[in-house]
1. Too long at a 20 Å Cα-Cα cut-off: which of LYS7/LYS44; LYS8/LYS40; LYS14/LYS53; LYS6/LYS40; LYS14/LYS59?
2. Quick one: grab the alpha carbon gyration tensor of the chain, order the square roots of its eigenvalues as a ≥ b ≥ c, and give me rounded if a/c is under 1.5, else prolate or oblate depending on whether a/b is larger than b/c.
Amino acid sequence: MKNKKKKKETLEDKLKYEIAEELGLMDKIAKVGWGGLTAKESGKIGGLITVRKRDMKEKKKNKD
């Protein structure tokens with residue numbers, strides 16, 4: 001059995017969990033894992049991550 005190292009949580013990871021929670025997918029993820037999501041669900045999460053990262057970048061740009 002391989003010993004997995006705990007990966008440092010990235011911004012994308014944080015956003016992924018946050019968005020999955022907002023979409024009500026955490027129960028499904030807990031049962032079947034991330035691989036059990038449909039392409040539509042995964043795409044929705046990925047799209048929202050992209051939008052949020054873009055918004056964060058814009059806010060930072062406007063702040064400077």
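Where a number appears in this text, it was derived from the coordinates with a stated rule and is not lab data. Everything numeric in this text was worked out from a predicted model, so none of it was measured.
1. Listed pairs above 20 Å: LYS7/LYS44; LYS8/LYS40; LYS6/LYS40.
2. It is oblate, given that a/c is not under 1.5 and a/b is not larger than b/c.
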